[in-house]
Amino acid sequence: MIKLFRSKIYLALFLMAAVVVFGVFGYRYISDYSWINALYMTVITMATVGFKEVQPLDDTAKIFTVFLILASVFILGFAISVLTEYVMSRNSLQILKKKKVKNKIKNLSGHVVVCGFGRNGMQAAERLTAYKRPFVVIERNKELIQKYEDEVLFVEGDANDDNVLLSSGINRAQYLITALPDDAVNLFVVLSARQLNNELFIISRASLVTSQKKLQLAGANKVIMPDKIGGDHMASLVLMPDLITFMDKLSMEGEHTINLEEVSIEDFTDQMDCNSLRDLDLRKRTGCTIIGYIAPDGEYIINPEADLKLQPKSKVIVLGRPEQIKKLNEMFHIG
């Protein structure tokens, strides 16, 4: 539709330019005007401002002027109608887009709300997109929204505003990532979000070490300090370069390149009898290796023993090549 309007606008501009050229040449050769006077007469005739002629017109020039006025009126009217229709349609399209986005958000449940679409917010959005995890971004920068509105569900506004948070479906969301650059603003967002959804798992960015405890007291489940993580990573590359490079290879880039998987025990026990990790025998079944166990109370066990008893609501961390992880997911209908 936008392309159609653009072609109409180009047509209107072409017709107006053609009338100007036609008028200039007409006055130049019919009334023997100079080029400047011919252009002046053409413009005042097209604009119908009623200024006096540069010099008296003979009958031929008068007839030419009549046709020039009629052509100008129709073409200017066409141009104005095209521009008006274009502006109105753009407004209508924006309204329809916003309505469509609202309807999509209303249908979301268990999604992720991302506050801020800066560097960290974009990285979070890219990873969530790679895993096809539904999410909504709260952002107040209109330019950013217009640039990425075809790829991301946006709610325009301030994340500190409860109504904006509710518009993102915060009361139905499962996770909140607040990646705003100001720790104080993140603190208020965490407080507001926790009041609106007590079951929400909140992940907050922090720039200062002193902000970490405050954010946790406000209700954040996890506090991430990007600068600290970056510094630790760079230092580790000096101290243990090969190990860190190997760990980077395990980074999860997307759905089809995953090396690590977190699986609930219920995904296994619902389909087979198993009391211990040995009973699962994932190495033989899928080629994957269990490298971690998360107990129901949140205790993490690295490289658990094969005889470790499985408990309800616990999880295992599985390592494997992408094709092995895919086989695991297909075998136990995970995800």
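The values are calculated or read from the model by the stated rules, or taken from the named source; none is laboratory data. Please read these numbers as outputs of a predicted model, since none were measured by experiment. Quick reminder, even Gly has a Cβ in these numbers, built from the backbone with ideal geometry, and neighbours come from all protein chains shown.
What are the residues in segment 188-213 that are touching a strand residue (DSSP E or B) at 6+ places or on another chain (Cβ under 9 Å) and more than 18 Å from Asp227 (Cα to Cα), if any?
Passing the criteria: Val189, Val190, Ala193, Arg194, Asn197, Leu200, Phe201, Ile202.
Kindly indicate whether Tyr86 is aromatic (Phe, Trp, Tyr), at pLDDT below 85 and under 16 Å from the mean Cα position of the chain (by Cα).
Working: aromatic (Phe, Trp, Tyr): yes; at pLDDT below 85: yes; under 16 Å from the mean Cα position of the chain (by Cα): no.
It is false that Tyr86 is aromatic (Phe, Trp, Tyr), at pLDDT below 85 and under 16 Å from the mean Cα position of the chain (by Cα).
Name the single residue, out of those in segment 48-72 being without any contact (Cβ under 8 Å) to a residue 12 or more places away in the chain and within 51 Å of the chain's Cα centre (by Cα), that is surrounded by the most Cβ atoms within 10 Å (Cβ to Cβ).
Initially, segment 48-72 is screened for residues without any contact (Cβ under 8 Å) to a residue 12 or more places away in the chain, giving 49-52, 56, 59, 62-63, 66-67, 70.
Narrowing further to those that are within 51 Å of the chain's Cα centre (by Cα): 49, 70.
On the way: Val49: 8, Leu70: 10.
So the residue we want is Leu70.
Identify the residue in segment 47-83 that is among the hydroxyl-bearing types (Ser, Thr, Tyr) and under 15 Å from Ile30 (Cβ atoms) and, among all such residues, is modelled with the lowest pLDDT.
First, the residues of segment 47-83 that are among the hydroxyl-bearing types (Ser, Thr, Tyr): 48, 60, 65, 72, 81.
After this cut, where a residue has to be under 15 Å from Ile30 (Cβ atoms) as well, the list is 60, 65.
On the way: Thr60: 83, Thr65: 79.
Within segment 47-83, the match that is modelled with the lowest pLDDT is Thr65.
So which of Val101, Val114 is surrounded by 14 or more Cβ atoms within 10 Å (Cβ to Cβ), closer than 30 Å to Gln174 by Cβ, touching a strand residue (DSSP E or B) at 6+ places or on another chain (Cβ under 8 Å) and at pLDDT below 85? Full working, then the answer.
Working: Val114 fails: at pLDDT below 85.
So the residue among Val101, Val114 that is surrounded by 14 or more Cβ atoms within 10 Å (Cβ to Cβ), closer than 30 Å to Gln174 by Cβ, touching a strand residue (DSSP E or B) at 6+ places or on another chain (Cβ under 8 Å) and at pLDDT below 85 is Val101.
All but one of (1) of a type in the set (A, V, I, L, M); (2) surrounded by fewer than 11 Cβ atoms within 10 Å (Cβ to Cβ); (3) more than 36 Å from the chain's Cα centre (by Cα) hold for Ile229, so report the exception by its number.
Ile229 satisfies every listed condition except (3).
For every residue, the table says whether it meets (1) modelled with pLDDT under 85; (2) part of a strand (DSSP E or B); (3) within 26 Å of Ala124 (Cβ to Cβ).
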site: Met234; (1), (2), (3): yes, no, yes
site: Met247; (1), (2), (3): yes, no, yes
site: Cys274; (1), (2), (3): yes, no, no
site: Tyr293; (1), (2), (3): no, yes, no
site: Asp297; (1), (2), (3): no, no, no
site: Glu305; (1), (2), (3): no, no, no
site: Glu323; (1), (2), (3): no, no, no
site: Lys327; (1), (2), (3): no, no, no
site: Ile334; (1), (2), (3): yes, no, yes
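State all residues of segment 179-195 that are surrounded by fewer than 16 Cβ atoms within 10 Å (Cβ to Cβ), assigned to a loop (DSSP other than H, G, I, E, B) and of a type outside the set (D, E, K, R); if no residue qualifies, say none.
Result: Pro181, single match.
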